[in-house]
Amino acid sequence: MALTCVGRLHPVLRQLRSAAIPSVWKAALVVPQQGHHLTLVSRPLATKSSKGKVKGQARVNINAALVEDIINLKDVEQDMKNAVDSLKEDFNKNLSIRTSPGAFDHIIVKTKDGKFPLSHLGQITLKSPRLFVINMASFPESADAVVTALRQSQMNLNPELDGTIIRLPVPPVTREHRENLTKLAKQLTNKAKDSVRKIRSTAVQDVKKFKSTVSEDTIKLIEKQIQQMADDISAEMDKQLASKTKELLE
């Protein structure tokens, strides 16, 4: 559907700018469309006295129902939020410094029969505060693969295989180890941001497919909304990274 809104906004803007308002205020520019309202722009406007004090770009707030024939913005936003949830899960799995059997739940072992969680192949027990033991009696043929997975887990582990028993000394939590974990946290965050960028790029490409039937102004507004959503999610990921980094270095 084509939205011809720009021409209607100029008179509104002229009226707003000419109004004598003594302080900073916000204006939401709304265009009625078949019983719906599409909020195009909501931003701070300033008088001469406050000019220069207000910073930040205008934010777009599009009624998702009004453009659902072009793109489902709610689905795009949910996909981006799922990336945040995945990042939190990666933090919990890969950045734990606690000594409990659950700390190894995230380790996936590659065997000749496929990939399996470590906990599905061996029985993990904590024999002492400084020693884990993994009993591989049920799947002895996978013992070597488990040792390899443990060494590649970035958990600073040095497993020792003795028949069907894997002894896993608990390494001391050194400052160096904590700093390495913060580097891993940064890598995981960047990976999650890459996922969000791919979601944004795919959504923008989908919107551009409607160039022949939708006005250019509408296309640009939707693209700005998608970029705004991606920026908000990226900022949330930065907060998660800062919180995790502080936790690891305490």
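Each label point was placed 7 Å from the Cα along the Cα-to-Cβ direction; for Glu68 and Asp162 their separation is 6.4 nm. The order of the peptides 226-237, 172-183, 150-161 by mean Cβ neighbours within 10 Å, most packed first, is 226-237, 150-161, 172-183.
The slack between Ser138 and Glu247, meaning 0.36 nm per residue of separation minus the straight C-alpha distance, is 35.5 nm.
From the square roots a ≥ b ≥ c of the eigenvalues of the alpha-carbon gyration tensor of the range 134-214, which class results: rounded (a/c under 1.5), prolate (a/b over b/c), or oblate? Here the range 134-214 falls in the oblate category. When both the range 197-250 and the range 169-186 are represented by their alpha-carbon centers, they are found 32 Å apart.
When the solvent-accessible area of the range 109-173 is split by element, carbon and sulfur atoms take up 49 percent of it, the probe being 1.4 Å. Annotation: per residue accessible area for the range 113-250 equals 58 Å², rounded to a whole number [probe 1.4 Å, protein chains only].
Net charge of the neighbourhood of Thr164, taken over other residues with C-beta under 12 Å away and scored Lys/Arg +1, Asp/Glu -1, is -2.
The values are calculated or read from the model by the stated rules, or taken from the named source; none is laboratory data. Predicted, not measured: the structure shown is a model, and the values here were computed from it. Every residue, glycine as well, gets a Cβ built from its backbone with ideal geometry; the counts of neighbours run over all protein chains shown. Side chains are part of the model used for accessible areas, which takes the heavy atoms of the whole protein and leaves out ligands, DNA and RNA. Shrake-Rupley method; radii C 1.70, N 1.55, O 1.52, S 1.80 Å.
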